[in-house]
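What follows is a single structure, written as structure tokens, with notes after it.
What follows is calculated from the coordinates using simple rules that are stated; it is not laboratory data. What you see is a predicted model; the values in this text were computed from it and never measured. Using ideal geometry, Cβ is built from the backbone for each residue, glycine included, and neighbour counts are taken over all protein chains shown.
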Amino acid sequence: MSTRILIVEDEEKLARFIELELVHEGYEVEKSGNGREALEIALRGSFDLILLDIMLPGLNGLEVLRRLQKEKPIPVILLTARDAVYDKVSGLDAGAVDYITKPFAIEELLARIRVALKLHAVDKQPAQSAEPKQEGVLTWGKLVLSVPSHSVRYDGKEIFLTNREFLMLKTLLENRDIVLSRDTLLNKVCGYDFVGETNIVDVYIRYLRAKIDEAYDIKMIHTVRGVGYVIKSEEF
Ligand code: CA
């Protein structure tokens, strides 16, 4: 099944440009230049990702995002104007997974699309007999991370993590077998204020390894040279 992306952008030339690039990359694309129409298209179609401009006729992009989140959560990357800090913050608060500032290099947009699709894959075909799993609990061998109780245990013993260490571990566990770049981890854990300061990620990884890998003599977090970090699933 091909990956479907909805482009919501009222600047015709930009929309057309993005469309051509995405089709070239093998995505299936629909586009709309009106917020109200886009919301309808999004609600009736099955899209894996939406690229959403904010200043739109019909219905403002943020409003489209809010309504969409209520009815049908699809990962959204916002296309924002330069310096529109308020829009970016409100957009992320409203549930957008990422934003990109116009004008942007198409390579950057494509990279962000790939990351968003990896991290927020829409489950189009729910499993017939899904195993009853406790909500928000991730396990790896003897390690149990519980989102509701914000706790991590190894073999029953509690491991005390800071909020950022916890978020980083959670992100790695949720994306096991996917090598996450330092930038991706940084965005997830520290947000956008830290762009470029990817050595922060190495520091947190070091803390996590000391508290888990070294403390329990296991090898959970792997470094992939020049790429990032990964927790693999098939180690038991
Ligand atoms: Ca616009």
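Some notes on this structure:
- Sparse-neighbour loop sites [GluC sites (Glu not before Pro); the range 170-224; at most 16 other C-beta within 10 Å; DSSP]: Glu197
- Three semi-axes of the equivalent ellipsoid, the range 132-231, Cα gyration tensor, whole Å, largest first: 21, 15, 13
- In order along the range 54-64, phi translates into HN-Hα couplings of 9, 7, 9, x, x, 8, 4, x, 5, 5, 4 Hz, rounded to whole numbers, per the Karplus curve 6.51 cos²θ - 1.76 cosθ + 1.60 with θ = phi - 60° and x for Gly and Pro.
- Take the Cα of Asn199, step 7 Å toward its Cβ, do the same at Val224, and the gap between the two points is 2.5 nm.
- Taking the Cα centre of the chain as reference, the dipole from Cβ charges on Lys and Arg (+1) and Asp and Glu (-1) amounts to some 560 debye.
- Sparse packing (at most 14 other Cβ atoms within 10 Å of the Cβ) combined with a DSSP loop state is found for the following chymotrypsin sites (Phe, Trp or Tyr not before Pro) in the range 138-234: Phe160.
- The phi torsions of the range 154-167, fed into the Karplus equation with coefficients 6.51, -1.76 and 1.60 and a -60° offset, translate into couplings of 10, 6, x, 8, 6, 10, 8, 10, 6, 4, 6, 4, 4, 4 Hz, rounded to whole numbers, with Gly and Pro shown as x.
- Taking 37 °C and 0.692 mPa s as conditions, the chain diffuses translationally at an estimated 169 µm²/s according to Stokes-Einstein applied to its Kirkwood radius (Cα pairs).
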